[in-house]
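Step one of this worksheet: look at the structure below.
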Amino acid sequence: MSPDMPEREILYVADPMCSWCWGFTPTIRAIAEMAEGRVDLTLMMGGLRPLNRDPMDESQKAEIQHHWQSVAERSGQPFDFDFFARDGFVYDTEPACRAVCVVRAVARPLVLDYFESVQRAFYSENRDVTDPSTLQEIARKTGVDHTVFESRYSDIASAYETAGDFQSARQLSVTGYPTVILRKGKEFGLLTAGYQPLDAIQATFAEWLNAA
């Protein structure tokens, strides 16, 4: 363990274009509020469909729409299903993941706000968050210096950093999103692998948070 690594940490492995992560947003928000000032929450990008180059076909649209409907029913989160009227959309999650990594690097206190804003833009506002200009606009509205964001986003180092997140998630054996891991020293415990409402995991999290 690195000497500057905190003793305890909440690792949230997610992707801004993962519908179950959008459903999980109220839960992770509550966890972050419970932990504020006590334990840091680190947002790690898992990479749902990074570097995909193929436009969605009708079969893929049907499959994804089914997931969205399930998430909406279970979580109550809003969705704009007009998204499925798009033609030729390439569901590449790398740009949005990279943007989150950039904000984490240049304005860490804003990263969870930015992550949620990208989710909201995609799922409930039907905006194209594979477009760097959209991601930059959201960063500016979140309070991130847009010139710093633009410069950092276009730097190849940010692409490598994002790929590093994907690799780290695999090393943690994360295979789906959202996943929340609770680290104490060199010990890692799984809080959830997949969507859960807050009341399903709150007691377990509170016990870990309040442990000496």
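The values are calculated or read from the model by the stated rules, or taken from the named source; none is laboratory data. If you're wondering where the values come from, they're calculated on a predicted model, not measured in any experiment. Note that each Cβ is placed from the backbone with ideal geometry, even for glycine, and that neighbours are counted across all protein chains shown.
The table below lists the values:
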item	result
Odd one out for A211 among (1) within 26 Å of S117 (Cβ to Cβ); (2) surrounded by fewer than 18 Cβ atoms within 10 Å (Cβ to Cβ)	(1)
Some residue of the stretch 63-74 being in contact (Cβ under 8 Å) with a residue 60 or more places away in the chain, surrounded by 13 or more Cβ atoms within 10 Å (Cβ to Cβ) and under 16 Å from the mean Cα position of the chain (by Cα)	yes
Complete set of residues in the stretch 179-193 that are surrounded by fewer than 12 Cβ atoms within 10 Å (Cβ to Cβ) and either without any contact (Cβ under 8 Å) to a residue 24 or more places away in the chain or under 17 Å from the mean Cα position of the chain (by Cα) (or both)	E187, G189
Failed item in (1) under 25 Å from P26 (Cα atoms); (2) more than 15 Å from the chain's Cα centre (by Cα); (3) at pLDDT 95 or above, with Y160 passing the rest	(1)
Options E58, E137, E116, E94: the member that is surrounded by 13 or more Cβ atoms within 10 Å (Cβ to Cβ) and farther than 20 Å from Y177 by Cβ	E137
One residue from Y153, Y123 being free of Cβ contacts under 8 Å to residues at least 60 places away in the same chain and of a type in the set (S, T, Y)	Y153
Breaking point among (1) assigned to a loop (DSSP other than H, G, I, E, B); (2) crowded, with 17+ Cβ neighbours inside 10 Å; (3) in contact with a strand residue (DSSP E or B) (Cβ under 8 Å, 6 or more places away or on another chain); (4) of a type outside the set (A, V, I, L, M), for G176	(2)
Where V144 falls short, out of the listed (1) surrounded by 21 or more Cβ atoms within 10 Å (Cβ to Cβ); (2) under 15 Å from the mean Cα position of the chain (by Cα); (3) not in a helix (DSSP H, G or I)	(2)
Pairs with Cβ under 6 Å, 6+ apart, first in the stretch 34-53 and more than 16 Å from T93 (Cα to Cα), second exposed (fewer than 15 other Cβ atoms within 10 Å of the Cβ)	D40/P6
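For every residue, the table says whether it meets (1) more than 22 Å from W20 (Cα to Cα); (2) not in a helix (DSSP H, G or I).
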residue	(1), (2)
L135	no, no
F149	yes, no
R152	yes, no
G164	yes, no
S168	no, no
L190	no, yes
W208	yes, no
